[in-house]
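Read the structure below first, then the notes.
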Amino acid sequence: MSKSENAKSLEERAAAVPTELHERFAQWIYEQTGVRPDTKSVQLACIFRMEFQASDDNQKALAAKKAAAEAKRKKQAAEKKARLEAQLAKLQAELAKETATDSPAVETAAPEKPARRTRKAATPTPAEPAKAAQAPAKARTPRARTRKTAAPAKATESK
């Protein structure tokens, strides 16, 4: 559809009389907001909203708005990075100053690794037979059955 056909179509649609729906919509707007809109304005807004959203002018405006938001986000991220780098440099300088004034000749030793724990033997060692004999045996709880076996069929007597 060419622009001239589209314009003619829009002009014809704008010249139409507002429908009952447009009148109800105008009344609803008044009840919700207290503002009494012109019924013809409500009709035009309803008819042309989709065409406006799809128009080249609106798409350009949306793209510009999106680009501006992206630029703002990048600028804020760069400012935040600079602020954090400055804060880090300040803290590193303070740390260097503190370590230089505290004890310049003291070397820090590497922290010792804790000794590995060995696993306890399952059976008592010969050095511990008395402990094993004195320790009460753990009571074992019976395991719940997960599958029942079929009961034997009863023989029925017939007389």
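The values are calculated or read from the model by the stated rules, or taken from the named source; none is laboratory data. Since the structure is predicted, the reported quantities are computational estimates derived from the model, not experimental observations. Note: ideal-geometry Cβ built from the backbone for every residue, glycine included; neighbour counts use all protein chains shown. Each accessible area value is taken on the protein alone, full model and side chains, heavy atoms only, with ligands, DNA and RNA left out. Shrake-Rupley method; radii C 1.70, N 1.55, O 1.52, S 1.80 Å.
Using the Cα gyration tensor of the range 11-105, with a ≥ b ≥ c the square roots of its eigenvalues, what is the shape: rounded (a/c below 1.5), prolate (a/b larger than b/c) or oblate (neither)? Because a/c hits 1.5 or more and a/b exceeds b/c, the range 11-105 counts as prolate. Taking all protein chains together and a 1.4 Å probe, the residues 146, 141, 39, 19 rank 146, 141, 19, 39 from largest to smallest accessible area. In order along the range 87-102, phi translates into HN-Hα couplings of 5, 5, 4, 5, 5, 5, 5, 5, 5, 4, 5, 5, 5, 6, 7, 5 Hz, rounded to whole numbers, per the Karplus curve 6.51 cos²θ - 1.76 cosθ + 1.60 with θ = phi - 60° and x for Gly and Pro.
Simple spin-label estimate for residue 61 and residue 27 gives 3.2 nm between the two label positions (7 Å along the Cα-to-Cβ direction from each Cα).
Spin-label model, residue 73 to residue 10: label points 7 Å out along the Cα-to-beta-carbon direction sit 3.2 nm apart. Rolling a 1.4 Å probe over the protein chains gives residue 88 an accessible area of about 90 Å².
The listed residues 48, 25, once ranked by accessible area (1.4 Å probe) with the largest placed first, stand as 25, 48.
Working from label points 7 Å from Cα in the Cα-to-Cβ sense, the residue 54 to residue 35 distance is 2.7 nm.
Solvent-accessible area of residue 81, all protein chains in place: 120 Å² (probe radius 1.4 Å, heavy atoms, ligands and nucleic acids excluded). Across the protein chains, with a 1.4 Å probe defining accessible surface, the residues 57, 38 rank 57, 38 from largest area downward.
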